[in-house]
2 protein chains.
Amino acid sequence: MASEGQGSEDRIRVDSGGLRTFAADVLTKLGVPPEDATMAADVLVYADLRGVETHGMSNNNLGRIYVRDIQSGKIKPTAPLTVVRETPVTALLDANLGLGLSAGVRAMNMAIEKARDSFIGMVAVKNSHHFGAAQYFSMMAVPHGMIGISSTNSNPIVLPTGGREPVYGTNPISVGAPSGGEPDFCLDVGTSAMVFQKLILTTRLGTEIPLGVAADDEGVPTSDPSVAVEARKLLPLGSTPELGSHKGYGLGMLVDVLCGILSGHGASIQMDAGENYGSVGHFFCAIRVDAFRPLDEFQGQMDDMFDRVHKTEPARGFDRVMVAGDPEHAKEQERRSRGIPLLPAVVDELKELADDVGVAWTLTG
Amino acid sequence: MASEGQGSEDRIRVDSGGLRTFAADVLTKLGVPPEDATMAADVLVYADLRGVETHGMSNNNLGRIYVRDIQSGKIKPTAPLTVVRETPVTALLDANLGLGLSAGVRAMNMAIEKARDSFIGMVAVKNSHHFGAAQYFSMMAVPHGMIGISSTNSNPIVLPTGGREPVYGTNPISVGAPSGGEPDFCLDVGTSAMVFQKLILTTRLGTEIPLGVAADDEGVPTSDPSVAVEARKLLPLGSTPELGSHKGYGLGMLVDVLCGILSGHGASIQMDAGENYGSVGHFFCAIRVDAFRPLDEFQGQMDDMFDRVHKTEPARGFDRVMVAGDPEHAKEQERRSRGIPLLPAVVDELKELADDVGVAWTLTG
């Protein structure tokens, strides 16, 4: 544990292993089977390690999402993950409203096993819940010499091009691919210009938000943070028709086709506001690189591509041109050794959660 | 044949079937085997039918790209498409510097056949050339009850986030998926904010270009069309770091991973400026919907999603909220019956091409 000045607030460094054990203990206490709790805790803490702070313990998603939804009965902690339909290269799974974090791990493992045996594995999941940071799952494939793909749909909060009612969620797409010496390729992008959590964070800073990430109630882009948070209408990646918003919108709907329609769960716009509101569908895929070419040749060419990009001249105000996965890799190296930086307010929330659930908090004083 | 006022210029309507025969005749005359020439012509005219005018006969890509490159020896008209590596669900093909249009059709057909037998088919192609409009190939899968994916890399012309040297091409991603009564889903998006051809077109109109689609030589976004065309530095989808340009950049590099590295062709930034400059790699995938759920249920849920989106209220200045594939479908319906609108200058170019190559032009007076 150490303190770190970051902006005006001191962060408290907490060991990632300890945080993982804590999260697993909390989930187990709430009735999640130990194996699933361990899987889920690893997904959560990985988000913190990789700097995806909106999706991990740094944001207390454990308490704010998973514990809350288990306690309210929305997430069924012991729901089985059942196979609906299966071929050597595909499967449709039903998470039966269980924990999305562990359902995601099991589904991606299944895709990886299918790819090991048959070169490709593709698994869709219905009736699941929020699965955390998408890159956890895509990156699971990478140490196996595979390209991994993961995606999930979510409640509608993003406007279509030319519309004023949200029709799809921030619907992320993540792809991981193995490099050699360079950090592995890791794409993890929402299909909106900005995710809502980051919008709220920006809003808290009291500054204007960039014009092109959110709209007012009539669908007109706004730079007023209070108007944006009130309206809950994000803009697609591409922001406006002139800058290609139909591309971000189309990619968001693609996620709905794969996660919502192929799984049968339903697209974002088909999610009812009833008792299962918040349930989602996922899509996972693993592709064995050596089905196409030897893995070491693939890795060598990945390294060379990254190396060439790194050597290009940065624009004014930038130190270095990065590739997808570079920032996450740097954060992970640093946080594995120095611990995960938590806001004091979050530490307080986690202590309170520990008390509520009846689990020991021993990671800070 | 009919005339149509469009802006200040009259367009000449030409029958799509006649245009297809003409394109095939030209390619055959240049030594392309008749079956390949027919495939290639269908890809070209499909782009015109669907309104992708930058990629079809409307832009005289036949003369400006394919005939030119066959005549210069860059495209080898009789190069075989050979299988380098194959499994029941995957293949790596070598186009041996042949025509990308027909190589794309053959590769996608192979992906579809593999999916028919084994539920998924994934085919990467190296040493190919410009394959035209990506959506031709993804949409080939749709009548088979499959989701189709197609992609290609291309010469670097797009800046990375934080950079001032282009590192990837406009690298498009296309996905087609079957609906029931509604037009089929058709995503076809470059991973830059705007494609270069459209930038040139905008420039010809003499107006400013939107800030966020192109940069000056130092990588700073510009609204000056002449500066933008001179610099040849497009911005990624997402335009600026504040609006999520790292997402478009990451998606563009994903295309390079699938088309350039998985195929072994090389990523955009690895394309040398030597004699094979302009050669590219492709990626195709077909997924049988009924591996996951009955096709009619999938189609019904697609229709319902589209219907719900269509029923949402449009923003000011828009008549109707559309989904990916709607504009293309409308254009295709109209152009199949009324013909393809060509600029008089393009008709002149095609007549000249006919003369040069020794093929009859009988489609206009």
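The values are calculated or read from the model by the stated rules, or taken from the named source; none is laboratory data. Predicted, not measured: the structure shown is a model, and the values here were computed from it. Cβ sites come from the backbone with ideal geometry, for glycine too, and all protein chains shown count toward neighbours.
Numbers below:
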item	result
Identity of the residue in the range B:180-198, within 10 Å of chain A (Cβ to nearest Cβ) and polar (S, T, N, Q), that ends up surrounded by the fewest Cβ atoms within 10 Å (Cβ to Cβ)	B:THR191
Failed item in (1) assigned to a loop (DSSP other than H, G, I, E, B); (2) within 9 Å of chain B (Cβ to nearest Cβ); (3) crowded, with 19+ Cβ neighbours inside 10 Å; (4) not polar (S, T, N, Q), with A:LEU363 passing the rest	(2)
Residue selected from the range B:307-318 under the condition more than 7 Å from chain A (Cβ to nearest Cβ) and at pLDDT 95 or above, by the criterion nearest to A:ALA267 (Cα to Cα)	B:ASP307
Condition broken by A:MET139, with the remaining ones in (1) farther than 25 Å from B:ALA193 by Cα; (2) assigned by TED's automatic domain parsing to the domain that holds A:GLU297; (3) out of contact with any Asp or Glu (no Cβ under 8 Å at 6 or more places or on another chain); (4) not in a loop (DSSP other than H, G, I, E, B) satisfied	(3)
Residue list for the range B:291-305, restricted to those being aliphatic (A, V, I, L, M), buried (at least 18 other Cβ atoms within 10 Å of the Cβ) and touching a residue at least 60 places away in the same chain (Cβ under 8 Å)	B:ALA291, B:MET302
Flag if B:VAL105 is outside the structural domain of B:LYS351 (by TED's automatic domain parsing) and within 14 Å of the chain's Cα centre (by Cα)	yes
Residue in the range B:336-358 that is farther than 28 Å from B:ASP10 by Cβ, more than 19 Å from the chain's Cα centre (by Cα) and of a type outside the set (Phe, Trp, Tyr) present	yes
Subset of the range B:230-255 that is aliphatic (A, V, I, L, M) and within 21 Å of the chain's Cα centre (by Cα) - its residue that is nearest to A:HIS310 (Cα to Cα)	B:MET253
Residue identified as facing another protein chain (nearest Cβ under 8 Å), of a type outside the set (D, E, K, R), buried (at least 24 other Cβ atoms within 10 Å of the Cβ) and within 13 Å of the chain's Cα centre (by Cα) among B:VAL175, B:VAL89	B:VAL175
The range B:264-286: number of residues that are buried (at least 24 other Cβ atoms within 10 Å of the Cβ) and within 7 Å of chain A (Cβ to nearest Cβ)	2
Breaking point among (1) under 20 Å from A:MET146 (Cβ atoms); (2) within 14 Å of chain B (Cβ to nearest Cβ), for A:VAL83	(1)
Any hit, the range A:222-229, residues being within 10 Å of chain B (Cβ to nearest Cβ) and either closer than 30 Å to A:LEU343 by Cβ or touching a helix residue (DSSP H, G or I) at 6+ places or on another chain (Cβ under 9 Å) (or both)	no
Residues of the range A:22-36 satisfying the condition of being acidic (Asp, Glu) and either touching a Ser or Thr at 6+ places or on another chain (Cβ under 8 Å) or farther than 10 Å from A:VAL359 by Cβ (or both)	A:GLU35, A:ASP36
Residues of the range B:49-67 that turn out to be more than 19 Å from B:THR152 (Cβ to Cβ) and either among the aliphatic types (A, V, I, L, M) or away from chain A (no Cβ under 14 Å) (or both), as a count	6
The range B:306-352, subset in a loop (DSSP other than H, G, I, E, B) and touching a residue at least 60 places away in the same chain (Cβ under 8 Å), residue surrounded by the most Cβ atoms within 10 Å (Cβ to Cβ)	B:ALA324
Verdict on A:SER150 being more than 11 Å from chain B (Cβ to nearest Cβ) and either within 21 Å of B:LYS311 (Cα to Cα) or at pLDDT below 95 (or both)	no
Residue, nearest to A:LEU93 (Cα to Cα), within the range B:290-306, restricted to residues that are more than 7 Å from every other protein chain (Cβ to nearest Cβ) and either under 26 Å from the mean Cα position of the chain (by Cα) or at pLDDT below 95 (or both)	B:GLN299
Every residue from the range B:141-166 that is surrounded by fewer than 24 Cβ atoms within 10 Å (Cβ to Cβ) and hydrophobic (A, V, I, L, M, F, W, C)	B:VAL142, B:ILE157
Matching residues in the range A:236-256 - criterion: being assigned to a helix (DSSP H, G or I), facing another protein chain (nearest Cβ under 8 Å) and buried (at least 24 other Cβ atoms within 10 Å of the Cβ)	A:LEU243, A:LYS247, A:GLY248, A:TYR249, A:GLY250, A:LEU251, A:MET253, A:LEU254, A:ASP256
Scan of the range A:206-223 for residues that are of a type in the set (A, V, I, L, M, F, W, C) and either crowded, with 20+ Cβ neighbours inside 10 Å or within 16 Å of B:PRO241 (Cβ to Cβ) (or both), ordered by number	A:ILE209, A:LEU211, A:VAL213, A:ALA214, A:ALA215
Where B:LEU201 falls short, out of the listed (1) away from every other protein chain (no Cβ under 11 Å); (2) within 19 Å of the chain's Cα centre (by Cα); (3) not in a helix (DSSP H, G or I)	(3)
Qualifying position, being part of a loop (DSSP other than H, G, I, E, B), at the interface with chain B (Cβ under 9 Å from one of its Cβ atoms) and either of a type outside the set (Lys, Arg) or under 21 Å from the mean Cα position of the chain (by Cα) (or both), among A:GLY132, A:GLY212	A:GLY212
